[in-house]
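One structure is given below, encoded as structure tokens.
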Amino acid sequence: MEPRNDDRLAERLKRKDTEALAQLIEAYADSLYRLAERILASDYRKEDVEECVSDVFLTAWDKIGQFDPAKGTLQVWLFMLTKYKSLDYRRKLASWRDRTEAETGAEEPADRGQGTEERVLAKETWEEVMRIADSFEPLNRTIFVKRYLYYEPVDTIAGSTGLTPKAVERRLARIRSLFRQRMPDRMEEESL
């Protein structure tokens, strides 16, 4: 969906237009499903992924007022919601499995959850990353989104952009270099 159409769709969602929600689901369900599936990995059931994506659309419906087109596109906002919702699901499902294992006599693992401070820092980092990505020329922004939001392999990105895999790798190296220049403190803590 084009950004201009996304802006209109976001406005309709803010007015609680249910047809707009149906269009949003139709436009983004497959992409969000693939992202959630990659984050949740192969050890989760298909139903877990479907429930996660359904929750993303429910969250988008409930929190559309928080969407700010000045900070990024509706598509990026949805990917961000999907990423965090998928990570939450992964933690919850792992915690549920750990409790089940503990009840059956397995050793109880250490807490893997994030505290409030870590979530706030992660959100701030994410917003900073998206501001930087929005400043890229369109092809580099597309490569960034495909690699770091969709987790697409370099060969797949090369095929969809018409570049060679080596050219994609060079662009990704330049993108990482730009992030190291613009976010030196964060790049030491987290690797892109």
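The values are calculated or read from the model by the stated rules, or taken from the named source; none is laboratory data. Small disclaimer: the values here were computed from a predicted structure and weren't measured. In this analysis, Cβ positions are derived from the backbone assuming ideal geometry, glycine residues included, and neighbour counts consider all displayed protein chains. Protein only, heavy atoms only, side chains kept; ligands, DNA and RNA dropped before computing areas. Shrake-Rupley method; radii C 1.70, N 1.55, O 1.52, S 1.80 Å.
A few comments on the model shown:
- A Cβ distance below 7 Å, combined with a sequence gap of six or more or placement on separate chains, defines the contacts here; from segment 148-168, residues that are assigned to a loop (DSSP other than H, G, I, E, B) reach residues that are open to solvent by 50 Å² or more (accessible area, probe 1.4 Å) in the pairs TYR150/ARG34; TYR151/ARG38.
- Condition met for ASP55 (modelled with pLDDT of 90 or more and open to solvent by 50 Å² or more (accessible area, probe 1.4 Å)): no
- THR161 open to solvent by less than 40 Å² (accessible area, probe 1.4 Å), at pLDDT below 80 and more than 24 Å from ARG45 (Cβ to Cβ): no
- Hits in segment 123-141 - residues which are under 18 Å from TYR28 (Cβ atoms) and either touching a strand residue (DSSP E or B) at 6+ places or on another chain (Cβ under 6 Å) or open to solvent by 60 Å² or more (accessible area, probe 1.4 Å) (or both): ARG141
- For segment 2-12, the candidate set comprises residues that are under 20 Å from the mean Cα position of the chain (by Cα) and surrounded by 16 or more Cβ atoms within 10 Å (Cβ to Cβ); within that set, the residue that is modelled with the lowest pLDDT is ASP6.
- If you go through segment 24-65 and keep only what is among the β-branched types (Val, Ile, Thr), more than 18 Å from TYR150 (Cα to Cα) and touching a residue at least 40 places away in the same chain (Cβ under 8 Å), you end up with just ILE64.
- Listed by position, the helices (runs of 4 or more DSSP H) contained in segment 1-69 that have at least 1 residues being under 19 Å from ASP88 (Cα atoms) and of a type in the set (Gly, Ala, Ser) are 18-40, 46-63.
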